[in-house]
Amino acid sequence: MLSENQIRVMFDQQTIENRIREIGEEISRDYEGEELVLVCVLKGGVMFMTQLSKSISIPMKMDFIMLSSYGNQLTSTGKVKILQDISENLSGKHALIVEDIVDTGRTLNFLKAHLLEKGAESVEVCAMLDKPSRRVMPVELRYRGFEIEDEFVLGYGLDYAQWYRNLPYIAYVRQEEES
Ligand code: IMP
């Protein structure tokens, strides 16, 4: 766990939710008349998905996928594994991946290919946060909440060792405590 003064607000709840509303309205316009399935990447995408879905005014389905996290070790091989797959049949449907943050891009490259293999008509990405400076593999983001610097962030679904997902704002971790 972190001490309170190591946690600094980056985006408050109002700012996040205003942006999410704009994205939801854009998605509603773009997918009008299409069969849309939001695919939430567990666990980090849950709060974003929940809020986003409330601003989508067209009929849609929700599904969930859990992938292995490798990202905590810098020495990782970068391999992504499926821990829990979606249950929806994607054939003829448009999948929109809802992800908390794009870092190296490995997760999304893997997931896009996986959903296309499952027969999705199209696969696009909606990410709450984007850290482009960390990219190892290119990823095209159709929707993006905010671009951020290379900082470790938590809250609004994002965790620090599984803690802090419930914070209603996005915070960054200060490296050193104030004296
Ligand atoms: P990628 O495959 O490297 O793009 O990793 C994306 C995943 O890494 C996200 O879904 C998060 O679970 C995790 N991640 C990357 N950066 C952060 C961060 O700053 N805070 C919390 N989780 C992060």
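The values are calculated or read from the model by the stated rules, or taken from the named source; none is laboratory data. For clarity, every value in this text was computed on a predicted model and none was experimentally measured. Virtual Cβ from ideal backbone geometry, glycine too; neighbours counted across all protein chains shown. Keep in mind that these areas ignore ligands, DNA and RNA; they rest on the heavy atoms of the full protein, side chains included. Shrake-Rupley method; radii C 1.70, N 1.55, O 1.52, S 1.80 Å.
Things to note:
- Probe 1.4 Å - accessible area at residue 116, Å² to nearest ten: 100
- Counting DSSP beta bridges with both ends in the chain, the antiparallel % (nearest 5): 30
- Charged-residue dipole, Cβ positions (Lys, Arg, Asp, Glu), region 43-179 about Cα centre, Debye nearest 20: 460
- Of the GluC sites (Glu not before Pro) in region 140-179, the ones in a loop by DSSP (not H, G, I, E or B) with at most 12 other beta carbons within 10 Å are 140, 149, 176, 177, 178.
- MRE, 222 nm, helices only [DSSP H, n ≥ 4, -39500 (n - 2.57), over the chain, to nearest 500]: -7000 deg cm²/dmol
- Count of Lys pairs (Cα-Cα under 14 Å; at least 8 positions apart or interchain) in the chain: 4
- Extreme residue, positive dipole direction of the chain, given options 6, 80, 16 (C-beta unit charges): 80
- Looking at the chain, the accessible area is 54 square angstrom per residue; that uses a 1.4 Å probe and ignores ligands, DNA and RNA.
- Rg to Rh, two decimals, where the chain supplies the alpha carbon set and Rh follows Kirkwood: 0.97
- The accessible-area ordering, largest first, of the residues 156, 164 stands as 164, 156, per a 1.4 angstrom probe.
- Degrees separating the helix 106-117 axis from the principal Cα axis of the chain, which is the longest one: 10
- Taking only the alpha carbons of region 74-146, we obtain Rg and Dmax values of 12.6, 39 Å in that order.
- With every protein chain in place, region 4-173: carbon and sulfur % of accessible area (1.4 Å): 46
- The stretch between residue 21 and residue 1, if pulled fully straight at 0.36 nm per residue, gains 4.0 nm over its current Cα-Cα span.
- Between the alpha-carbon centres of region 1-45 and region 104-125 there is a gap of 19 Å.
- Label sites at residue 135 and residue 42, each approximated as a point 7 angstrom past Cα along Cα to Cβ, lie 3.0 nm apart.
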